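The values are calculated or read from the model by the stated rules, or taken from the named source; none is laboratory data. These numbers come from a predicted model, not from an experiment. Every residue, glycine as well, gets a Cβ built from its backbone with ideal geometry; the counts of neighbours run over all protein chains shown.
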Amino acid sequence: MHGDDTQREKGSSGDQIANSGIDESQPVSRIPFPVSRELHVPVLLHEALNFLRIQPEGNYIDATLGGGGHAQEILKRLGSGRLLTIDRDPKALEAAKDKLAEFSGKLMMQHGNFAQIDELHAASGLPPVDGVIADLGLSSMQLDDASRGFSFNLPGPLDMRMDPQTETTAADLVNRGSERDLADIFFELGEERHSRRIARAIVKARPYRITTELAQVVTRAIPSRAGLHQIHPATRAFMALRLAVNGELENLDEFLGRILTVVRPGGRVVVISFHSLEDRRVKQAFRRWQDEDRATVLTKKVVRPSEDEIRSNPRARSAKLRAAEKN
Ligand SMILES: C[S@@+](CC[C@H](N)C(=O)[O-])C[C@H]1O[C@@H](n2cnc3c(N)ncnc32)[C@H](O)[C@@H]1O
């Protein structure tokens, strides 16, 4: 089911190819995209640390290392304890290595998907841990690096993979996906009410190689009366593609299904999400744990950033934190 009930036009299938205006002879990787060096500002840092209740001798997991902001503050509080950090993005691990060099004695780093948190934990040799944090989504380094293709504002290749080993890119989806599949992605993952219209416009104008070109087509596909957007009109479509490329909701489900097996009784799980579909999954999983007497929910109400935090870091505005303690 789609929010817009626009009829499909007869014959508007994927075979209607429009010239994208891109120089096909130019390999995408050679286009000089700007790379931002802006660092990621950790979101809900004090709240996350409070819920984690770091003990100097405790062992912890940061399942989403990113810019290492949360990890750095955990490491500062550790004495004999250890922190296992994980990220799907090898570039995040590489960058954080320098930033966290002074803590190398208590820091473990693993490239991997938190969907396999139990296997990654087993490989680390750590005992069941005292706390886990997962700060979902993208880091500022990923978003601001045009060559990753996450941003509709920056011209870059339509990649969007957090892990370069992932097979499917955003270009594969928009250039080869059926109109129906694309509409489903925009509706289900982006909660986009103009999903069908956008999918039809995308199929008509493909192929695409560049983010900004796709963003223009999406923007034009949205009716102008919907023009008083509080967000860029391509926001939902780009987010949906990113979630699809990286299987983010499926990974979160796996993580939530396995995480309690690596936490000791009394240990805590803190999840920060930026998307209502993610937060719903976290809320439901925590409620299930409580119903099954496996954990106690510590956040009766979801925790949101303060006005001050949002003012100083606008990217925090949609963040939601939930915490639970294993029984
Ligand atoms: C919002 S950032 C984390 C920022 C970090 N807490 C900080 O303070 O700098 C999210 C990170 O999680 C990583 N990530 C997303 N999904 C993942 C998954 N399934 N497994 C492992 N890492 C993942 C992303 O590559 C990204 O680097």
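Of all residues in the stretch 177-199, those satisfying the criterion of being in contact (Cβ under 8 Å) with a residue 24 or more places away in the chain and in contact with a helix residue (DSSP H, G or I) (Cβ under 6 Å, 6 or more places away or on another chain) are 179, 183, 185, 186, 187, 189, 190, 192, 195, 196, 197, 198. Filter the stretch 248-277 for residues that are within 14 Å of the ligand (Cβ to nearest atom) and part of a strand (DSSP E or B) and give the result. Residues satisfying the conditions are 270, 271, 272, 273.
Scanning the stretch 224-257 for residues being over 25 Å from residue 175 (Cβ atoms), in the same structural domain as residue 147 (by TED's automatic domain parsing) and of a type outside the set (A, V, I, L, M) gives a total of 5. Here residue 165 meets the list (1) within 16 Å of the ligand (Cβ to nearest atom); (2) touching a residue at least 40 places away in the same chain (Cβ under 8 Å) almost entirely, failing just condition (2).
Before we move on, is residue 153 near the ligand (Cβ under 10 Å from one of its atoms) and either in the same structural domain as residue 240 (by TED's automatic domain parsing) or within 27 Å of residue 326 (Cβ to Cβ) (or both)? Don't jump to the end; show me each part of the working.
Values: near the ligand (Cβ under 10 Å from one of its atoms): no; either in the same structural domain as residue 240 (by TED's automatic domain parsing) or within 27 Å of residue 326 (Cβ to Cβ) (or both): yes.
No.
The residue of the stretch 259-300 that is farthest from the chain's Cα centre (by Cα), among those that are within 18 Å of residue 120 (Cα to Cα) and surrounded by fewer than 17 Cβ atoms within 10 Å (Cβ to Cβ), is 264. Looking across the stretch 117-139, the residues that are crowded, with 22+ Cβ neighbours inside 10 Å and touching a Pro at 6+ places or on another chain (Cβ under 9 Å) come down to 121, 135.
Taking into account only those residues within the stretch 25-41 that are within 16 Å of residue 144 (Cβ to Cβ) and either surrounded by 21 or more Cβ atoms within 10 Å (Cβ to Cβ) or among the polar types (S, T, N, Q) (or both), which is modelled with the highest pLDDT? Ranking the candidates gives 40 first. For the stretch 253-276, the set of residues classified as in contact with a helix residue (DSSP H, G or I) (Cβ under 6 Å, 6 or more places away or on another chain) and over 23 Å from residue 50 (Cα atoms) consists of 254, 258, listed by residue number.
Among the residues in the stretch 174-184, are any assigned to a loop (DSSP other than H, G, I, E, B) and more than 27 Å from residue 259 (Cα to Cα)? Yes - at least one qualifying residue is present in the stretch 174-184.
Each residue in the stretch 60-116 was checked for being surrounded by fewer than 24 Cβ atoms within 10 Å (Cβ to Cβ), of a type outside the set (Gly, Ala, Ser) and away from the ligand (no atom under 11 Å from the Cβ), and 14 of them qualify.
Each row is one residue, and each column tells you yes or no for (1) in contact (Cβ under 8 Å) with a residue 24 or more places away in the chain; (2) touching a helix residue (DSSP H, G or I) at 6+ places or on another chain (Cβ under 6 Å); (3) outside any helix (DSSP H, G or I); (4) farther than 27 Å from residue 275 by Cα.
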position: 43; (1), (2), (3), (4): yes, yes, yes, no
position: 66; (1), (2), (3), (4): yes, yes, yes, no
position: 83; (1), (2), (3), (4): yes, yes, yes, no
position: 116; (1), (2), (3), (4): yes, no, no, no
position: 123; (1), (2), (3), (4): no, no, no, yes
